[in-house]
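A quick write-up on the structure given underneath.
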Amino acid sequence: MTAPTFTPRVFSGIQPSGGLHLGNYLGAIKRFVDMQNDGLSGQPIETIYCMVDLHAITVWQDPATLRRNTRELCAGFIASGIDPEKSVLINQSQVPEHAQLAWIFNCVARMGWMQRMTQWKDKAGKNTQNSSLGLFAYPALMAADILIYHATHVPVGEDQKQHLELTRDIAAKFNNDFGVDFFPMTEPVIEGAATRVMSLRDGTKKMSKSDTSDASRINMTDDADTIAKKIRKAKTDPEPLPETLEGLEGRPEARNLVNIYAALSDISAEAAMAQVGGQQFGQFKPMLADLAVAKLSPISAEMARLMEQPDEIDAILSRGAERAREISAPILRDVYEIVGMVR
Ligand code: AQP
């Protein structure tokens, strides 16, 4: 078998394990849209975006809620600007090659690698014995999601950096174990002003779906009043904003709001400071709230409209799965051949 050349290709996914929030939007989806429309370094690039439902069930999900969340996530992708004609939009469980390659990777990855994953430690906490085997093996499935398409670039938030490093380790070990140059060394794409959006209640904690406080996050389905109220009530310190970015050192809540402002405005944090440096929060917060409402309200309105057409969403996902399998099935066939499966 000749060593394949790797067509530049983007893959990324989000779990339908709850509603989308501003962190998912700024850290991931907005970047997905940019890569779909602008390509990579000016070159067009194939983009595949996924609702990773198999990942979601690593912790228990109510079946009806999971179904709804998966459709709502798909609506969120499309409402944010993912065009199902330009990008391949899929639900993970509809492309069986993800799970099939994950099994092979379960046999390549080492227990010690998984045990070092901070997300595993955070999510399992002290209760490792009672956590699902799937939660432990999560990064091997994530590696399979990416490598089943030979994806070369993965836009993610900063929290996924360690899993991307593990994906490279798995690819390298597979290549080495079988003496092939089969899987690419995928590059994480962690860019922009908001690669780690923090909780509105605690600037040292990531904004997250699983935070018990709804006030900690802006949900993509929040209405204008709720968005404005959450920003008004966001925790801050008593000082006005400094004149420069350096002055935000040691002020995580202020830094977070500036990053959100920058990312929503499509400018760097430095450029944001040139606009808002020196302002009191009483002036800055209403401006940020107006900006957030202006950017997010059209998305939530479009999500609501799309959710009234679940059949249309399902049809988009079926079409996406067909397109995805044209790429994934031949790659899995090659993997089985390399590993020595009789076909
Ligand atoms: N706060 C965040 N800032 C920037 N990016 C973020 N992402 C998540 N939170 C932030 C990025 O969103 C993508 C999908 O994340 P996910 O839903 O698959 O998993 P997650 O990171 O576990 O999301 P949550 O909200 O934090 O869920 P829970 O509460 O269940 O743990 C990824 O690219 C991620 O980086």
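The values are calculated or read from the model by the stated rules, or taken from the named source; none is laboratory data. These numbers come from a predicted model, not from an experiment. Quick reminder, even Gly has a Cβ in these numbers, built from the backbone with ideal geometry, and neighbours come from all protein chains shown.
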Ala140 vs (1) part of a loop (DSSP other than H, G, I, E, B); (2) closer than 30 Å to Thr204 by Cα; (3) of a type in the set (Gly, Ala, Ser): all pass except (1)
Picked from the stretch 210-244 (must be hydroxyl-bearing (Ser, Thr, Tyr) and closer than 21 Å to Ala269 by Cα), the residue surrounded by the fewest Cβ atoms within 10 Å (Cβ to Cβ) is Thr244
Met207 fails exactly one of (1) under 28 Å from Trp60 (Cα atoms); (2) surrounded by 18 or more Cβ atoms within 10 Å (Cβ to Cβ); (3) of a type outside the set (Asp, Glu); (4) more than 11 Å from the ligand (Cβ to nearest atom), namely (4)
When Ser12 is run through (1) over 13 Å from the mean Cα position of the chain (by Cα); (2) within 11 Å of the ligand (Cβ to nearest atom), the failure sits at (1)
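Given the residues Ala301, Ala294, Ala321, which is the only one that is aliphatic (A, V, I, L, M), under 21 Å from the mean Cα position of the chain (by Cα) and closer than 22 Å to Gly81 by Cα?
Exactly one residue qualifies, and that residue is Ala321.
Among the candidates Thr167, Thr195, which residue alone is within 10 Å of the ligand (Cβ to nearest atom) and outside any strand (DSSP E or B)? Before the answer, list the steps.
Working: Thr167 fails: within 10 Å of the ligand (Cβ to nearest atom).
Only one candidate passes the filter, namely Thr195.
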Of the candidates Asp334, Asp266, the one satisfying the condition of being within 30 Å of Val88 (Cβ to Cβ) and in the same structural domain as Phe174 (by TED's automatic domain parsing) is Asp334
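Looking only at residues in the stretch 143-161 that are assigned to a helix (DSSP H, G or I) and closer than 14 Å to Leu101 by Cα, which one is farthest from the ligand (Cβ to nearest atom)? Spell out how you get there, then give the answer.
Going residue by residue through the stretch 143-161, those that are assigned to a helix (DSSP H, G or I) are 143-147, 158-161.
Narrowing further to those that are closer than 14 Å to Leu101 by Cα: 143-147.
Details: Ala143: 14, Ala144: 15, Asp145: 11, Ile146: 12, Leu147: 17 Å.
So, considering only residues that are assigned to a helix (DSSP H, G or I) and closer than 14 Å to Leu101 by Cα, the one farthest from the ligand (Cβ to nearest atom) is Leu147.
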Taking the condition within 22 Å of Ser87 (Cβ to Cβ) and either in the same structural domain as Cys74 (by TED's automatic domain parsing) or modelled with pLDDT under 95 (or both), does Ile316 pass?
-> yes
